[in-house]
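The next block holds one structure in the form of structure tokens; read it before the comments.
The numbers here are math on the coordinates, done by the rules we state, and not lab data. What you see is a predicted model; the values in this text were computed from it and never measured. All Cβ positions, glycine included, derive from the backbone under ideal geometry; neighbour counts span all protein chains shown.
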Amino acid sequence: MGTVLVTGANRGIGLELCRQLKARGEEVIAACRKPSQELQNLGVEVKEGVDVTDDASVQSLSQWLGDRKIDVLINNAGILNRDLLDDEGLFDSVRWQFEVNSVGPLRVTKALKNNIPSGGKVAIVTSRMGSIEDNTSGRYYGYRMSKAAVNMAAMSLSHDLKPEGVSVALLHPGMVATDMTGHNGISTQESAKGLLDRIDHTNLDNTCTFWHQNGQRLPW
Ligand SMILES: NC(=O)c1ccc[n+]([C@@H]2O[C@H](COP(=O)([O-])OP(=O)(O)OC[C@H]3O[C@@H](n4cnc5c(N)ncnc54)[C@H](OP(=O)(O)O)[C@@H]3O)[C@@H](O)[C@H]2O)c1
């Protein structure tokens, strides 16, 4: 892949992506708000203070990078609130999940797009919970809405970046054992391996196909 920048790299899926990328010999830039000890122990380059909801922080990442080439940008940072229709603070929760999960990846991609060369890739770690067709159980208003919105952002990005030779990978990591799920689900190792396989297979012909990391195509 070359140089890969991962957001939300301090824990969970992002941390494991960095670990596997380093093991493959890629040059890793691990962007996070605050590094964890595990991330520091990986021996990859860490850029801290990167909050995907904050313009100044993302601009300072862009300035720090200068004209450095990023072959693959992995927008991984995200949050999940388990909203119910009767929740008191439902709308604030929905708004905040949009800020992190939908606007965040768009903000980072917009700021770094000039660093991504022809042949480069933008990956977005979304969720099948953002699939309208796949929603058979309701609830999770902000998470589902914000992931559906980032899926749409990914489709627009795929059209806008295609002339630059940049493809977009839209990826569901599976149900993964991280803080987000109370550590229920498949291992971060299995998920990250599948995600990297899918990114490896992303190109301008299949740009913005919605994939489960296990290779299954997901409905919109
Ligand atoms: N786990 C699953 O089963 C699952 C399923 C489908 C999709 N996903 C998606 O996979 C991605 C990673 O999730 P995970 O399971 O690894 O979750 P996680 O363990 O909770 O980690 C979330 C990561 O996102 C970062 N983050 C949150 N808000 C941020 C912000 N404003 N700016 C920068 N970083 C921020 C966190 O950093 P802090 O430590 O600073 O908070 C952390 O590094 C998310 O996009 C999630 O929606 C996960």
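Brief remarks on what is shown
- Val94, Val72 arranged by Cβ crowding within 10 Å, fewest neighbours leading: Val94, Val72
- Toward the positive end of the charge dipole of the range 3-212, with +1 on the Cβ of Lys and Arg and -1 on the Cβ of Asp and Glu, the farthest Cα among Asn75, Gly14, Gly194 is that of Gly194.
- Near Glu45, once Lys and Arg are set to +1 and Asp and Glu to -1 for all other residues with Cβ below 12 Å from its Cβ, the sum equals 0.
- Net dipole in debye of the chain [+1 Lys, Arg Cβ; -1 Asp, Glu Cβ; about Cα centre; nearest 20]: 320 debye
- Percent of beta bridges antiparallel (DSSP, the chain, rounded to nearest 5): 5 percent
- Exposure proxy shown here: for Phe210, Phe98, Phe91, the number of other Cβ atoms within 10 Å sets the order, fewest to most, as Phe91, Phe98, Phe210.
- Among Cys32, Cys208, Cys18, the order by Cβ neighbours within 10 angstrom, fewest to most, reads Cys208, Cys32, Cys18.
- Label-point gap, in nm, between Arg24 and Gln189 - each point 7 angstrom along Cα→Cβ: 1.7 nm
- Between Gly66, Gly138, Gly182, the Cα set farthest toward the positive side of the dipole of the range 40-193 (charges on each charged residue's Cβ, about the Cα centre) is that of Gly66.
- Note: the range 72-217, Cα convex hull, 106 Å³ per residue.
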